[in-house]
Amino acid sequence: MKEIEIFDRYGKLLKQLNPNQAWDGTYLDNNLPADDYWFTIKLYNNNTIKNHFSLKR
């Protein structure tokens with residue numbers, strides 16, 4: 001895995017992470033609301049995994 005991107009429901013990029021980083025559910029130092037979010041995982045073999053998750057507060 002080389003990169004993870006997290007998006008809101010409208011496709012706005014909220015965070016880009018490398019595999020060694022964690023995400024704390026914030027955007028610009030503000031807690032994001034409990035909601036559905038989407039992610040893209042870019043792999044070293046150029047494959048991409050896309051899915052979604054629910055952030056619970």
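The values are calculated or read from the model by the stated rules, or taken from the named source; none is laboratory data. These figures come from a predicted structure and were not determined experimentally. Every residue, glycine among them, receives a Cβ derived from its backbone with ideal geometry; neighbour counts consider all protein chains shown.
Key figures for this structure:
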item	result
Long-range neighbours under 7 Å by Cβ, at least six apart or interchain, first residue on the phi < 0 side of the Ramachandran plot and surrounded by 10 or more Cβ atoms within 10 Å (Cβ to Cβ) within region 37-57, second part of a loop (DSSP other than H, G, I, E, B) and not aliphatic (A, V, I, L, M)	Y37/D8; K42/K2; L43/K2; L55/G25
Any pair with Cβ under 7 angstrom, 6 or more apart, that starts in region 15-28 at a residue that is closer than 13 Å to F39 by Cα and ends at one that is at pLDDT 95 or above and surrounded by fewer than 14 Cβ atoms within 10 Å (Cβ to Cβ)	G25/N31
Selection from region 8-36 of residues that are out of contact with any Lys or Arg (no Cβ under 9 Å at 6 or more places or on another chain), surrounded by 11 or more Cβ atoms within 10 Å (Cβ to Cβ) and of a type in the set (A, V, I, L, M, F, W, C)	L13, L14, L17
Scan of region 14-57 for residues that are farther than 13 Å from E3 by Cβ and modelled with pLDDT under 95, ordered by number	R57
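Matching residues to (1) in a loop (DSSP other than H, G, I, E, B); (2) over 11 Å from the mean Cα position of the chain (by Cα); (3) of a type in the set (A, V, I, L, M, F, W, C):
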residue: E5; (1), (2), (3): no, no, no
residue: Y10; (1), (2), (3): yes, yes, no
residue: D24; (1), (2), (3): yes, no, no
residue: W38; (1), (2), (3): no, no, yes
residue: Y44; (1), (2), (3): yes, yes, no
residue: F53; (1), (2), (3): no, no, yes
residue: R57; (1), (2), (3): yes, yes, no
